[in-house]
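The values are calculated or read from the model by the stated rules, or taken from the named source; none is laboratory data. From a predicted model like this one, the values you see are computed outputs, not experimental measurements. As a convention, Cβ positions derive from the backbone with ideal geometry for all residues, glycine included, and neighbour counts pool all protein chains shown.
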Amino acid sequence: MLLVLDNFEQVVQAAPELASLVEACPNLRLLVTSRELLRVRGEREYAVPPLADPEAAELFCARSQLGSDEIIAELCRRLDNLPLAIELAAARTRVLSPKQIVERLSTRLDLLKGGRDAEARHQTLWATIEWSHDLLSPEEQGLSARLAVFAGGCTLEAAEQVTEASLDVLESLVDKSLVRHRDDRFWMLETIREFAAERLEASGQAKEVRERHAGHFLALAEEAEPHLQRDSIEWLDRLEGEQDNLRAALDWLETVGERQVVLLFAGAVSRFWYLKSHLVEGHRRLEHALLGDGQPTLARAAALNGAAVMAINLGDTETARLRAEEALTLYRTLGDAWGMAYSSMMVGNALAGAGDLKRGRPLLEESVRLFRDLGDDHYALIANSNLAWVTGDLGDRHREVALEEENLRLARELGNERMEAGTLANLGVLYGGILDYPARIERDEGRLAAAAAMLRAAIRIEHRRGNLLELAVDLGRLASILTLSGRAGLAASLVASSESLTEQVGASVPFAYGDRVEKTLASIHSQLDGAAFAEAWKRGRRLTADEAVELALESDA
């Protein structure tokens, strides 16, 4: 016999009797659904996660009698793929389209009303969550409300510092399925978090908890900053995992008018935004912070440099120059030598990027000198790489090659993986001779093979580090090499993928500067007819970053 007991958490104190019952009846099996574990002998736990994406869409379509499409898939994801939420949303399709439901999900919990024949606690998703919440102890209710301050979850350390979480109470919330736990993070399903957030506001503790949350993540950003300056992949990944919390903290600080703190915070994480290709968001937040406070402080200077980095990588060299020049003036006034070196490099980059190479080179030379005087080999290497680029564009390609080969040696000595990737990519461009270099830089098959190998090595590193923009740039550079080698179809797909990935981060050029894209495409068109080009281009536009990398690396075969 199979006996099914549903929602057993309402009478969980009777759990020991179940164990005795099973022991007395060897032919009996119990299937018990419960928000929390029974914690009795013989119990086997089966966690019930939300539905998988296809299953969630299938359920919605079955209840609504609509055909599946991307809007329905998005709606289900927004509802955390929870069956009850999906059924309630499907019931709304009598008066709202799936697109309208998605647009109205900011009022999600009141929107999804059930029918007259539904149980009272199923009448709305809100009522369903409230019914479960009311079964909690006061300590559990209080902690669940405070945990709503976290966007995207939190570590145990953060929960303890920000919400004064007790490990026992936190574990109890996990057992009751109101909080999820995986690896080192705790989080709530978004529907439950919205309910808990309202409870937090009603508790009178919201301001205090949000202050602690913002303070915790500001401290994390400041702790991360020196590691980000050294391009630490561990710290980049750590901040990537806390990105929603960083956003929530910045949003709250802006709301309460902490303008200098916002500048400090945004400046501290600006290199994270750059290295993880969050350029559009970084640009928006830094520019907004700069508009909010004009005081001549170190925090403003750092935010100005961050804004210059975002702008130049989004193709806006004029804004980049203006921000970097203001930062340079501030750092000179405040006597900050490192800031002066960095701002000089950014002004030089902006001028060179706008085509004013002769004005840009002295600033880059000054930046290299200042960083070396400060003993900062890492940034001296970055500045010297930029100087090599400008030197080559001014006509001395052999000097550029010599500088980049020296940069590669130094990058490997320093264990600087990011600069190793950048230098390998630059040397690949040079060795491939894809910028109409003088004839004395050979473009034979052996050199093309070496160039392609360097670019593939760079692609491997950038892919592992998660820098989408640099990855897109290098895919396009490799495409240029492959075009010269007669592999136009593959090259077309890689150029298309480069363009698509670049669009994803909001940048304005498919890869690198100048007219390289046009020259590469012209070469491809000379080798492919219109139908073959269209097919290769379509294929490339559909590729994910992982698929594009796989294709680029397979092209070595």
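General observations
- Residue within the range 48-64 that is over 35 Å from the mean Cα position of the chain (by Cα), part of a helix (DSSP H, G or I) and of a type in the set (Asp, Glu) present: no
- In the range 302-341, the qualifying residues are those that are among the β-branched types (Val, Ile, Thr) and touching a residue at least 24 places away in the same chain (Cβ under 8 Å), and the one that is farthest from Ser277 (Cα to Cα) is Thr333.
- Among the residues of the range 527-540, the one identified as in contact (Cβ under 8 Å) with a residue 12 or more places away in the chain and exposed (fewer than 13 other Cβ atoms within 10 Å of the Cβ) is Lys538.
- If you filter the range 1-16 down to residues that are in a helix (DSSP H, G or I) and out of contact with any Ser or Thr (no Cβ under 8 Å at 6 or more places or on another chain), you find that the one that is surrounded by the fewest Cβ atoms within 10 Å (Cβ to Cβ) is Gln13.
- Criterion (touching a helix residue (DSSP H, G or I) at 6+ places or on another chain (Cβ under 8 Å), closer than 30 Å to Arg259 by Cα and either acidic (Asp, Glu) or in contact (Cβ under 8 Å) with a residue 12 or more places away in the chain (or both)) met by exactly one of Glu211, Glu198, Glu164: Glu164
- Checking each residue of the range 17-38 against the condition of being in a helix (DSSP H, G or I), closer than 22 Å to Ile192 by Cβ and not assigned by TED's automatic domain parsing to the domain that holds Ser172 gives no match.
- Within the range 105-129, restricting attention to residues that are closer than 15 Å to Leu189 by Cβ and at pLDDT 65 or above, the residue that is nearest to the chain's Cα centre (by Cα) is Leu105.
- Where Gly355 falls short, out of the listed (1) out of contact with any Asp or Glu (no Cβ under 7 Å at 6 or more places or on another chain); (2) assigned to a helix (DSSP H, G or I): (2)
- With respect to being among the aromatic types (Phe, Trp, Tyr), surrounded by 13 or more Cβ atoms within 10 Å (Cβ to Cβ) and out of contact with any helix residue (DSSP H, G or I) (no Cβ under 6 Å at 6 or more places or on another chain), Phe60 falls outside the description.
- Where helices (runs of 4 or more DSSP H) sit wholly within the range 134-228, those with at least 1 residues that are in contact with a Lys or Arg (Cβ under 9 Å, 6 or more places away or on another chain) and modelled with pLDDT of 95 or more occupy 138-147, 156-163, 190-203.
A quick yes/no check of all residues on (1) without any contact (Cβ under 8 Å) to a residue 24 or more places away in the chain; (2) in a helix (DSSP H, G or I); (3) crowded, with 20+ Cβ neighbours inside 10 Å:
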| site | (1), (2), (3) |
| --- | --- |
| Asp237 | no, yes, no |
| Asn245 | no, yes, yes |
| Ala249 | no, yes, yes |
| Trp252 | no, yes, no |
| Gln260 | no, yes, no |
| Phe265 | no, yes, yes |
| Val269 | no, yes, yes |
| Ser277 | no, no, yes |
